[in-house]
Amino acid sequence: MKKRILVVDDEQDIVSMLRMRLEAAGYEVSTASDGEEGLARATEAPPDLMILDILMPKMDGIAMSDALKKNPRTRNIPVLFLTALKRQSDGGASGPNLIFSKPFSGGELTEKISEILGT
């Protein structure tokens with residue numbers, strides 16, 4: 001059974017590139033264009049991993065992640081953050097959360113996803 005990844009980003013070019021790369025790597029990919037839509041999708045059908053943009057309309061990636069961590073169905077889903085912000089981070093306080101700065105290496109991202117999901 002394919003591992004499922006939810007990509008939540010308001011930049012359609014990023015979403016298209018990630019979908020193509022992740023599907024080619026054998027993952028099932030669903031998408032959302034803002035945090036509210038992403039939260040609804042993740043709650044109704046929890047994925048195995050989420051890729052969230054930090055800066056999005058309606059609900060940003062941090063607020064979405066915080067909401068997911070409060071829900072028993074979604075609290076343990078690994079989250080990878082994407083951001084155009086220029087700052088360094090230790091990857092977050094909870095779980096295997098990591099931050100990738102835009103532009104990012106698609107190969108490095110796919111490698112980290114494989115490592116987290118054990119694929």
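On inspection, residue 39 qualifies as surrounded by 17 or more Cβ atoms within 10 Å (Cβ to Cβ) and assigned to a helix (DSSP H, G or I).
Being under 18 Å from residue 14 (Cα atoms), assigned to a loop (DSSP other than H, G, I, E, B) and more than 12 Å from the chain's Cα centre (by Cα) is true of residue 57.
Looking at 65, 94, 89, just one residue is at pLDDT 90 or above and not acidic (Asp, Glu), and that residue is 65. Among the criteria (1) surrounded by fewer than 17 Cβ atoms within 10 Å (Cβ to Cβ); (2) polar (S, T, N, Q); (3) in contact with a helix residue (DSSP H, G or I) (Cβ under 9 Å, 6 or more places away or on another chain), the one residue 12 does not fulfil is (3). Here residue 107 passes the criteria (1) assigned to a helix (DSSP H, G or I); (2) loosely packed, with under 14 Cβ neighbours inside 10 Å; (3) modelled with pLDDT of 90 or more; (4) not polar (S, T, N, Q) except the one numbered (3).
The values are calculated or read from the model by the stated rules, or taken from the named source; none is laboratory data. Fair warning: this is a prediction, and the values are worked out from it, not measured in the lab. Reconstructed Cβ throughout: ideal geometry from the backbone, glycine too, with neighbour counts over all protein chains shown.
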